[in-house]
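For reference, the structure I am asking about is given below.
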Number of protein chains: 2
Amino acid sequence: MSDSRAVVLLSGGLDSATVLAIALAEGYECHCLSFDYGQRHNTELDFATRLARTMGATSHRIAGIDIGGFGGSALTDHALHVPTQGVQSGIPVTYVPARNTVFLSYALGLAEVLDAADIFIGVNAVDYSGYPDCRPEFIAAFEAMANLATKAGIEGRSLHIRTPLIDLPKEAIIRRGIELGVDYSQTVSCYQLDAEGRACGRCDSCRIRAAGFEAAGVPDPTRYLGG
Amino acid sequence: MSDSRAVVLLSGGLDSATVLAIALAEGYECHCLSFDYGQRHNTELDFATRLARTMGATSHRIAGIDIGGFGGSALTDHALHVPTQGVQSGIPVTYVPARNTVFLSYALGLAEVLDAADIFIGVNAVDYSGYPDCRPEFIAAFEAMANLATKAGIEGRSLHIRTPLIDLPKEAIIRRGIELGVDYSQTVSCYQLDAEGRACGRCDSCRIRAAGFEAAGVPDPTRYLGG
């Protein structure tokens, strides 16, 4: 297992771009993994591909996965409505069942094939407190399971799930990314991005992102619809 | 969460067909899930589809997943050779990295959408002692993680990973299935099944299966190549 090789989950969004910058700054050889899961906002995959290339990742894979077909989330089920009235408490309708579990499981398989000891994921328990699979206790349980699931675990080498953003408010994430040279104009967060990569400005993800730039005192580089 | 609804992982093989029979006999409404992961032996998916229908499953889904593209296993990487010299100790080359983790993660997503409290999987720690993700400690860790990953877990309802075969030798699995009326001629186990569903008779999976029928004192209904 290489100490310097990492799998980085990269969505094309602000958080995962920051995570990639952090992993690169720590000296990891970064192998990025994105998912095409039938998300409404799959223009984000083009952004992920460009970010991986321009930021200096060693490889980038897009895995097609079928969880969208299970339904149950406004992000994949076009019959459900993406809320645009502001962030509510509780588990949002945009929660995709078992999404981070599935994403991390794929990352685990790739880490095993690449002999990588670290998996980086941009989960955040501050802004996404309503998502069960963004909580530190979920990540700890996944890591424990992962170390029993694999050859590496059997052989006594441990694998780590790295969540450098988990406790950070959005403005702190943005400040950290700017220090590391992340170009946030090349990232997208909107749940209902249009084909040109323009954001709606009204969904939860847009609201959290815009508030983050404001709190960080940084001009918001997001391209909004009609903007 | 319905106490009587279950997700059953169904490969088309002897073990998972027996698991489906057990779940049905326990009175569960069974929703089967199979995976197309680029396996050499994907004729097994036709067998899974037929088994789900003839045995009385309520639904059957085949999810296409990309782990085959990661390489690293003789079951998905055609450049690697499926061993036919007999079962060896250690982790076999037919081990697919993180396969059961990925399979169970999908099952978890489907269980959440269907509001099912049980996931049945035919892992076996006797014949597959070389696979890290067939061990009871892995299953227990996955269950603990799953209960933190989901809405149901947050709401205090628990999800169970059911592994009725985990401690059974192959002959005991076969005897149990026969009691329950499983038609094993409609199941396939071979790692290099041909397009007509005929088994090689020489890979580890064929050898374990054939020895099981012999030990159970039951005629082997498997269709072998050249047989």
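The values are calculated or read from the model by the stated rules, or taken from the named source; none is laboratory data. Bear in mind that the values here come from a model prediction, so they are computed numbers and not experimental data. Ideal geometry is used to build each Cβ from the backbone, glycine not excepted, and the neighbour counts take in all protein chains shown.
Being at pLDDT 95 or above, surrounded by fewer than 19 Cβ atoms within 10 Å (Cβ to Cβ) and not in a helix (DSSP H, G or I), is that true of even one residue in the stretch A:183-196?
Among the residues of the stretch A:183-196, at least one is at pLDDT 95 or above, surrounded by fewer than 19 Cβ atoms within 10 Å (Cβ to Cβ) and not in a helix (DSSP H, G or I), which makes the answer yes.
So residue B:154 fits all but one of (1) β-branched (Val, Ile, Thr); (2) within 14 Å of another protein chain (Cβ to nearest Cβ); (3) crowded, with 22+ Cβ neighbours inside 10 Å; what number is the exception?
Status for residue B:154: all satisfied but (3).
Right, something else. Checking residue B:135 against (1) modelled with pLDDT of 90 or more; (2) at the interface with chain A (Cβ under 10 Å from one of its Cβ atoms); (3) closer than 16 Å to residue A:141 by Cβ: exactly one of these is not met. Which one?
Result: residue B:135 passes all but (3).
Oh, and also: Identify the single condition in (1) surrounded by 24 or more Cβ atoms within 10 Å (Cβ to Cβ); (2) at pLDDT 85 or above; (3) within 11 Å of another protein chain (Cβ to nearest Cβ) that residue B:67 does not satisfy, given that it satisfies every other one.
Only one criterion in (1) surrounded by 24 or more Cβ atoms within 10 Å (Cβ to Cβ); (2) at pLDDT 85 or above; (3) within 11 Å of another protein chain (Cβ to nearest Cβ) is unmet by residue B:67, namely (2).
Taking only the stretch A:197-227 into account, find how many residues are part of a helix (DSSP H, G or I) and not charged (D, E, K, R).
Looking only at that region, the number is 9.
What about residue A:123, is it within 27 Å of residue A:27 (Cβ to Cβ), in a loop (DSSP other than H, G, I, E, B) and of a type in the set (Val, Ile, Thr)?
yes
If you check B:40, B:53, which single one turns out to be more than 23 Å from residue B:150 (Cβ to Cβ) and at pLDDT 95 or above?
B:53
Give just the number: which of (1) within 23 Å of residue A:64 (Cβ to Cβ); (2) of a type in the set (Lys, Arg); (3) at pLDDT 90 or above does residue A:99 not satisfy?
(3) is the only condition that residue A:99 fails.
Taking residue A:125 as meeting all but one of (1) farther than 16 Å from residue A:32 by Cβ; (2) buried (at least 20 other Cβ atoms within 10 Å of the Cβ); (3) modelled with pLDDT of 85 or more, write down the number of the exception.
(2)
Right, something else. Pick from the stretch B:137-183 the residues that are closer than 25 Å to residue B:211 by Cβ and among the β-branched types (Val, Ile, Thr): which of them is farthest from the chain's Cα centre (by Cα)?
B:178
Same structure again: Which ones in the stretch A:126-179 are over 26 Å from residue B:135 (Cβ atoms), outside any helix (DSSP H, G or I) and small (Gly, Ala, Ser)?
Matches in the stretch A:126-179: A:129, A:130.
Follow-up. When you scan the stretch A:103-117, how many residues do you find that are within 7 Å of chain B (Cβ to nearest Cβ) and either buried (at least 24 other Cβ atoms within 10 Å of the Cβ) or touching a residue at least 24 places away in the same chain (Cβ under 8 Å) (or both)?
So the count comes out to 6.
Do we have residue B:201 as touching a strand residue (DSSP E or B) at 6+ places or on another chain (Cβ under 6 Å), on the phi > 0 side of the Ramachandran plot and at pLDDT 90 or above here?
The answer is yes for residue B:201.
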